[in-house]
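The values are calculated or read from the model by the stated rules, or taken from the named source; none is laboratory data. Quick caveat, the model's predicted, so the values are computed rather than measured. A quick note on method: Cβ atoms are made from the backbone with ideal geometry, for glycine too, and the neighbour counts reach across all protein chains shown. For the accessible areas, the whole protein counts, side chains as well, though only heavy atoms, and no ligand, DNA or RNA atoms are used. Shrake-Rupley method; radii C 1.70, N 1.55, O 1.52, S 1.80 Å.
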Number of protein chains: 2
Amino acid sequence: MILAFDIGGTRGRCGVSTADGQLLSVIGLERDGDDGARWLARLMEAGRSLYAAHPGAKAIGVSFGGPVSNDGRILSMHVSGWESINLVQELQSAFGLPVSIENDANAGALGEHRYGAGRGARYLAYLTVSTGIGGGVILDDRLYRGAHGMAAEFGHLVMHPGPNAPVYAASKPGALEALASGPAIAREANRLRVAAGLPEIEGLTARDVFDAADGKEKWAREALQTGIGHLARGVAAVLSAYDLERVVIGGGVSFAGDALFTPLCAAVKEYLPHFLEERLDLQPAALGDNSALLGAVVAALDRPS
Amino acid sequence: MILAFDIGGTRGRCGVSTADGQLLSVIGLERDGDDGARWLARLMEAGRSLYAAHPGAKAIGVSFGGPVSNDGRILSMHVSGWESINLVQELQSAFGLPVSIENDANAGALGEHRYGAGRGARYLAYLTVSTGIGGGVILDDRLYRGAHGMAAEFGHLVMHPGPNAPVYAASKPGALEALASGPAIAREANRLRVAAGLPEIEGLTARDVFDAADGKEKWAREALQTGIGHLARGVAAVLSAYDLERVVIGGGVSFAGDALFTPLCAAVKEYLPHFLEERLDLQPAALGDNSALLGAVVAALDRPS
């Protein structure tokens with residue numbers, strides 16, 4: 001059994017899983033206004049309660065919502081307030097168990113590859129499309145991390161540069177996550193509403209845009225077409241660069257199901273080289289909110305001894 | 001010693017090399033109007049004459065100007081007239097030596113990695129920019145072929161789609177090789193000449209455009225800026241996807257030297273994620289016309305026994 005954490009800046013999950021990916025128990029946490037120390041303490045507390053209930057856990061796996069180096073160090077404090085925390089050491093000394101850590105998108109790739117929509121594919125990319133866009137790649141059945149642990153940061157692919165290119169967080173102007181993430185789709189939808197003389201909708205989400213497109217609203221359909229077109233070009237670039245067997249897409253936006261995947265498949269084919277077109281295999285993630293948590297389980301199981 | 005062939009549709013090279021990449025003898029051939037059978041016979045003849053002079057050759061390596069499957073089969077007859085030829089078997093039976101074959105861009109990557117500008121880099125991409133654009137990737141000191149032997153076909157990355165996107169050969173509209181290859185740069189230069197009321201120049205090459213830009217011609221400078229901008233975005237996409245230590249650029253266009261590499265480096269940084277910007281290491285190929293021929297040597301040396 002493995003004790004697993006999926007830790008982000010605003011949300012966390014802690015679970016106990018068997019080696020074949022059965023989650024025996026999961027605790028979900030919202031950070032609310034907690035400072036870094038309190039957030040860590042609450043995650044530890046959740047872990048302790050699960051460990052007490054399942055003392056057979058032999059290792060800890062962590063999915064972390066930020067970059068992680070090839071030797072397991074956290075490289076950037078996406079979780080504000082953790083600048084001085086060594087997460088791996090904190091967990092090791094608290095539980096007395098070996099700790100493995102992966103970036104959350106890499107963990108998502110590991111989870112879907114072992115237990116989810118990526119099973120059976122030796123060459124696989126996983127993209128998570130939500131507030132930002134992250135990615136992970138499995139080559140020859142193993143996680144590929146790159147020279148500096150920074151491989152597969154697909155949200156940073158610059159798809160559409162230029163003077164009016166949109167910007168998201170730390171990405172360069174015109175990066176994929178500024179064009180095809182949930183907030184990017186909502187922003188484009190509001191822009192099209194205003195252009196059509198309609199009022200902007202505050203708090204509009206990608207899910208709202210999918211609903212409105214289903215109701216045949218022109219602004220929503222066009223915003224989706226644009227966002228999905230950019231995402232398709234990103235997926236095609238990943239496939240052209242890596243020559244993979246399958247691409248799995250998770251994250252909040254993937255929950256739109258066929259309304260996303262049917263037009264996305266068609267658009268990816270438009271941008272793929274002919275010799276890869278007929279091989280296209282694009283799947284929605286199968287593990288829902290648990291892709292990264294179960295990837296943390298894989299990271300712990302596959303820890304080199 | 002290795003007997004090596006670099007075989008394209010219009011040109012071929014045959015050489016004998018030591019294991020440390022010293023070419024003892026090289027024969028260059030132009031196909032002229034030869035049909036497929038005659039072209040093969042002339043290549044064989046060149047190989048036989050080199051083998052007679054260097055009977056110590058123990059294996060044959062081939063760089064082929066077209067796709068090659070992971071098990072060494074030629075997948076597409078880029079060399080017209082070779083539809084019914086099994087190149088590996090022909091060479092094996094003619095010379096009685098084991099034969100290894102690689103796609104020419106993969107061979108270029110192998111050659112530059114072992115003997116040229118890629119030495120010391122464990123994670124490397126090689127791009128060849130000439131009539132088309134090809135690529136090869138070394139991950140953890142080994143050639144990465146992808147799931148179907150089609151990895152690193154960077155010329156097919158669609159960078160700029162749309163109703164007026166240019167097309168090159170079998171690529172999709174707006175593919176990198178339709179925007180940043182030698183002929184693409186020349187075509188854009190002529191388009192800008194015509195737009196400026198100047199006559200089109202027949203037979204214009206990328207080299208002519210570099211010369212004219214050096215002479216401060218506006219149409220030439222703008223055409224280069226456009227082509228180099230697209231190439232930069234392609235290189236940045238490759239680096240973002242793979243997280244590499246170095247990128248080596250070869251092929252005809254790379255012979256422009258600093259006139260290419262200085263603006264290219266600046267533009268790649270513009271499109272790279274911040275965390276990769278300071279690590280950018282972009283180098284011109286060091287083996288000139290012999291990158292792929294020496295890569296064929298590596299393919300033969302590294303043949304699994």
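In the range A:1-40, the residue that is nearest to A:GLY132 (Cα to Cα) out of those that are loosely packed, with under 14 Cβ neighbours inside 10 Å and among the polar types (S, T, N, Q) is A:THR10.
Tallying residues that are open to solvent by 70 Å² or more (accessible area, probe 1.4 Å) and acidic (Asp, Glu) within the range B:202-226 yields 4. Residues in the range B:134-146 that are in a loop (DSSP other than H, G, I, E, B) and more than 8 Å from chain A (Cβ to nearest Cβ): B:ASP140, B:ASP141. All of (1) open to solvent by 10 Å² or more (accessible area, probe 1.4 Å); (2) without any contact (Cβ under 8 Å) to a residue 24 or more places away in the chain; (3) under 30 Å from A:LEU301 (Cβ atoms) hold for A:THR128 with one exception: (2).
Scanning the range B:50-84 for residues being over 24 Å from B:ALA19 (Cα atoms) and modelled with pLDDT under 75 gives a total of 12.
Annotation note: of B:PRO263, B:PRO199, B:PRO273, the sole residue that is over 23 Å from B:GLY12 (Cα atoms) and exposed (fewer than 15 other Cβ atoms within 10 Å of the Cβ) is B:PRO199.
All conditions but one from (1) in contact with a strand residue (DSSP E or B) (Cβ under 7 Å, 6 or more places away or on another chain); (2) buried (at least 24 other Cβ atoms within 10 Å of the Cβ) apply to B:GLY111; the one that does not is (1). Quickly run through the range B:1-25 and pick out the residues that are within 15 Å of B:LEU287 (Cβ to Cβ) and part of a loop (DSSP other than H, G, I, E, B). Residues satisfying the conditions are B:THR18, B:ASP20, B:GLY21, B:GLN22. Scanning the range B:276-301 for residues that are surrounded by fewer than 19 Cβ atoms within 10 Å (Cβ to Cβ) and at pLDDT below 95 turns up B:GLU277, B:GLU278, B:ARG279, B:GLY288, B:ASP289.
Could you say whether any residue in the range B:278-292 is touching a Gly at 6+ places or on another chain (Cβ under 8 Å) and within 14 Å of chain A (Cβ to nearest Cβ)? Looking for residues that are touching a Gly at 6+ places or on another chain (Cβ under 8 Å) and within 14 Å of chain A (Cβ to nearest Cβ), one finds none in the range B:278-292, hence no. Within the range A:147-159, if we keep just the residues that are surrounded by 23 or more Cβ atoms within 10 Å (Cβ to Cβ) and more than 16 Å from the chain's Cα centre (by Cα), the residue that is farthest from the other protein chains (Cβ to nearest Cβ) turns out to be A:MET159. The condition of being open to solvent by less than 20 Å² (accessible area, probe 1.4 Å) and not basic (Lys, Arg) holds for A:GLY234.
Yes/no per residue for (1) more than 14 Å from the chain's Cα centre (by Cα); (2) within 14 Å of chain A (Cβ to nearest Cβ):
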| site | (1), (2) |
| --- | --- |
| B:GLN89 | yes, no |
| B:ALA121 | yes, yes |
| B:GLY132 | no, yes |
| B:ALA165 | yes, yes |
| B:ALA175 | yes, yes |
| B:LEU179 | yes, yes |
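In this structure, is B:SER254 open to solvent by less than 60 Å² (accessible area, probe 1.4 Å), within 22 Å of B:GLU222 (Cβ to Cβ) and not acidic (Asp, Glu)? Yes: the conditions hold for B:SER254. Screening the range A:131-141 for residues that are farther than 16 Å from B:ILE138 by Cα and open to solvent by 20 Å² or more (accessible area, probe 1.4 Å) and picking the one that is modelled with the highest pLDDT gives A:ASP141. When the residues of the range B:240-257 are filtered to those that are in contact with a helix residue (DSSP H, G or I) (Cβ under 6 Å, 6 or more places away or on another chain) and touching a residue at least 24 places away in the same chain (Cβ under 8 Å), the one that is nearest to the other protein chains (Cβ to nearest Cβ) is B:SER240.
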